[in-house]
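Mind looking over this structure? Questions follow.
The values are calculated or read from the model by the stated rules, or taken from the named source; none is laboratory data. As the structure is a computational prediction, the values presented were derived from the model and not from experiment. Heads up, the Cβs are rebuilt from the backbone with ideal geometry, glycines too, and the neighbour counts pull from every protein chain shown.
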Amino acid sequence: MDIFEQIKQDHEKARQLATQIEALSDADVTKREELFARFREELLLHAHSEEKAFYKPLERFEDTREEIGHAYQEHEEAETLANRLAEMDAGSPEWMTLFRKLRQSVEHHMQEEESEMFSQAHKVVDDNDAEAMAEKMEEFKEDERETEAA
């Protein structure tokens, strides 16, 4: 698997979790909290490992530098919103409003990444590098999981 496929798989997982969260009734707060905890964990794990394994190497190239800077900003916005949501009452209407804002932001980011950034990155990343990046991304995820478990 290469980095592009790996990122798409992570994106699909985020989409599925977001859909499940939004489908829950307001009365199912416990399930909403559980799903959101998974969503947030996956989102942050993906963002941090993607920045190290994919964005960092692409910063070297003029063709991808601007898009990477924009992507970092979007990651920061998503992390801020996710952290705010983690501190709020998941049963409140304000929580769902903010979650929808986060979901929109993340969907926008994933769409840009899968179209614009991938198109630019394919110009500067060969197949071997793309596979190596995917391996690195998995290593970074494992390292972060181990750090959180400790």
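What are the residues in region 11-36 that are within 18 Å of residue 94 (Cα to Cα), in contact (Cβ under 8 Å) with a residue 40 or more places away in the chain and part of a helix (DSSP H, G or I), if any?
18, 21, 22, 29, 32, 33, 36
Continuing with the same structure: What are the pairs, 6+ residues apart or on separate chains, where a residue within region 133-150 that is modelled with pLDDT of 90 or more has its Cβ under 6 Å from a residue that is outside any loop (DSSP other than H, G, I, E, B) and small (Gly, Ala, Ser)?
That search, which allows pairs on different chains as well, returns 133/53; 136/53; 137/49; 137/53; 140/49; 140/53; 141/49.
For region 96-128, what are the residues that are closer than 30 Å to residue 33 by Cα and in contact (Cβ under 8 Å) with a residue 60 or more places away in the chain?
96, 99, 100, 103, 106, 107, 110, 113, 114
Rundown of residues vs (1) closer than 30 Å to residue 63 by Cα; (2) aromatic (Phe, Trp, Tyr); (3) out of contact with any helix residue (DSSP H, G or I) (no Cβ under 8 Å at 6 or more places or on another chain), yes/no style:
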position: 80; (1), (2), (3): yes, no, yes
position: 87; (1), (2), (3): no, no, yes
position: 90; (1), (2), (3): no, no, no
position: 118; (1), (2), (3): yes, yes, no
position: 127; (1), (2), (3): yes, no, yes
position: 130; (1), (2), (3): yes, no, no
position: 133; (1), (2), (3): yes, no, no
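Taking the criterion of being of a type in the set (Ser, Thr, Tyr), assigned to a helix (DSSP H, G or I) and in contact (Cβ under 8 Å) with a residue 40 or more places away in the chain, would at least one residue in region 60-67 satisfy it?
yes
Does residue 50 count as of a type outside the set (Val, Ile, Thr), assigned to a helix (DSSP H, G or I) and exposed (fewer than 13 other Cβ atoms within 10 Å of the Cβ)?
Criteria not met by residue 50.
While we're looking at this one, here's another question. Kindly evaluate residue 8 against the criterion of being touching a residue at least 60 places away in the same chain (Cβ under 8 Å), buried (at least 17 other Cβ atoms within 10 Å of the Cβ) and under 30 Å from residue 128 (Cα atoms).
Spelling it out, it is not the case that residue 8 is touching a residue at least 60 places away in the same chain (Cβ under 8 Å), buried (at least 17 other Cβ atoms within 10 Å of the Cβ) and under 30 Å from residue 128 (Cα atoms).
From the list 51, 66, which one is under 22 Å from residue 144 (Cβ atoms) and among the acidic types (Asp, Glu)?
Of 51, 66, the one residue that is under 22 Å from residue 144 (Cβ atoms) and among the acidic types (Asp, Glu) is 51.
Assess whether residue 109 counts as being part of a helix (DSSP H, G or I), of a type outside the set (Asp, Glu) and within 11 Å of the chain's Cα centre (by Cα).
Considered against the rule, which asks whether it is part of a helix (DSSP H, G or I), of a type outside the set (Asp, Glu) and within 11 Å of the chain's Cα centre (by Cα), residue 109 comes out as yes.
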